[in-house]
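K.L.:
Dumping the structure here so I can ask a few things about it.
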Ligand SMILES: C[S@@+](CC[C@H](N)C(=O)[O-])C[C@H]1O[C@@H](n2cnc3c(N)ncnc32)[C@H](O)[C@@H]1O
C-alpha cells in the first residue's frame, strides 16, 4: 500500500463556491491532516480551502512572483489565518526544508517547470510521500520522471473547465524507505515499478502514449479523455501537414514521429469505441 493510501481521507469536504473543480480535485486528494506546500500558490485559494475545511493543519503557500505573493498575503491576513498558512517568497521547493511537509501541490504551471523545480530540490522531494500535480503541458515527461524515480500513480483525472481540458495527477512513493538512498532521484529505467503501465508496454509508442495521456485516464476511457485524445490527433495532423510542406532541415525526421503518434492514438480510439463500457485495456497494442 502506498504512503498516500495509508492516510485517511476527509469525509466532510464541503466545496468552497470560489474553488474551481480543478483545485477542488487537488484538495480532495490531500490526505487528511497532512502538512502541505502549495507551490505557485498565486491567490492562495487552495491553501485557504485546505485549512478552512480542516484537511490540513498547516500549509506553506509558496510564490516566486511579487504580485501574487502580495495577493496571497492579503488573502491570508484578511481571514486571520497567518498561524496556519505561511506565505513564503521563493523559487519552487527552495522555500521548504526537507521533511517539513508530506504533500506538494503544483498546479497551473508547465510540466517542464515542475521537473526543474523537483530537480533543484532533491532533498525535499526525497522526503515527500505525495505529489499532486496539474501540469499545463509536458505531462508525458513528467509521468516518465515520476515512474523512473519511484512514484506510482494513485489517481488521475481529466476535467473540462473554462473551455479548456485540464489533467490532474496524484502520485505517491512506492516505498519511502526504499527510496531513501542519496541517489533516489536519479531516474532508473530499470526500476519502472508502476504496474499501471503494464498493459501499455508492448511497444515504445504505446509507453509514450500512456505517459502522454496517463494510464489511469486511458483505462477509464471516459468521454472527456476521448475528446482530449481526439483533439490532440487533430493538432498532430495539422503539424504533420505543415511538416510535409516544410524544407528538409526543418523536417528532421519529425514526420515519422507524428505519423506514429497519430497511429497509436487512433488505435486507442478504435479500441475504446469497441468497448461497450467505454473503458480500454489494450491487451495487444499495435507495434
Ligand atoms: C497560473 S498560476 C496557478 C496558480 C494556482 N496554483 C492555480 O493552479 O490556480 C501559476 C503560478 O505559479 C507561480 N510560479 C511559476 N513558477 C514558479 C516557481 N518556480 N516557484 C514558485 N512559483 C512559481 C506563478 O508566479 C503563478 O502565480
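K.L.:
Looking only at the stretch 88-123, which residues are within 12 Å of the ligand (Cβ to nearest atom), part of a strand (DSSP E or B) and on the phi < 0 side of the Ramachandran plot?
P.N.:
Within the stretch 88-123, 88, 89, 104, 105, 106, 107, 109 meet the criteria.
K.L.:
List the pairs whose first member sits in the stretch 35-57 and is more than 18 Å from residue 90 (Cα to Cα), whose second member is crowded, with 23+ Cβ neighbours inside 10 Å and at pLDDT below 95, and whose Cβ atoms are under 7 Å apart, counting only residues at least 6 apart or on separate chains?
P.N.:
none
K.L.:
Of the residues 196, 216, 185, only one is at pLDDT 95 or above and in contact with a helix residue (DSSP H, G or I) (Cβ under 7 Å, 6 or more places away or on another chain); which?
P.N.:
216
K.L.:
OK, next. Any residue at all in the stretch 53-66 that's in a helix (DSSP H, G or I), within 10 Å of the ligand (Cβ to nearest atom) and surrounded by fewer than 23 Cβ atoms within 10 Å (Cβ to Cβ)?
P.N.:
Yes, the stretch 53-66 contains a residue that is in a helix (DSSP H, G or I), within 10 Å of the ligand (Cβ to nearest atom) and surrounded by fewer than 23 Cβ atoms within 10 Å (Cβ to Cβ).
K.L.:
Assess whether residue 19 counts as being at pLDDT below 95 and under 23 Å from the mean Cα position of the chain (by Cα).
P.N.:
yes
K.L.:
Also: Every residue in the stretch 69-91 that is out of contact with any strand residue (DSSP E or B) (no Cβ under 7 Å at 6 or more places or on another chain) and under 20 Å from residue 121 (Cβ atoms), please.
P.N.:
The answer is 91, and nothing else.
K.L.:
Okay, next question. Search the stretch 124-148 for residues being in a loop (DSSP other than H, G, I, E, B) and more than 16 Å from the ligand (Cβ to nearest atom), and hand back the single one that is surrounded by the fewest Cβ atoms within 10 Å (Cβ to Cβ).
P.N.:
Filtering the stretch 124-148 for residues that are in a loop (DSSP other than H, G, I, E, B) and more than 16 Å from the ligand (Cβ to nearest atom), the one surrounded by the fewest Cβ atoms within 10 Å (Cβ to Cβ) comes out as 127.
K.L.:
Take residue 81 and decide whether it is away from the ligand (no atom under 16 Å from the Cβ) and either in the same structural domain as residue 47 (by TED's automatic domain parsing) or without any contact (Cβ under 8 Å) to a residue 12 or more places away in the chain (or both).
P.N.:
When the stated conditions are applied, residue 81 passes them.
The values are calculated or read from the model by the stated rules, or taken from the named source; none is laboratory data. Quick caveat, the model's predicted, so the values are computed rather than measured. Methodologically, a virtual Cβ is constructed for each residue, glycine included, from the backbone with ideal geometry; neighbour enumeration extends over all protein chains shown.
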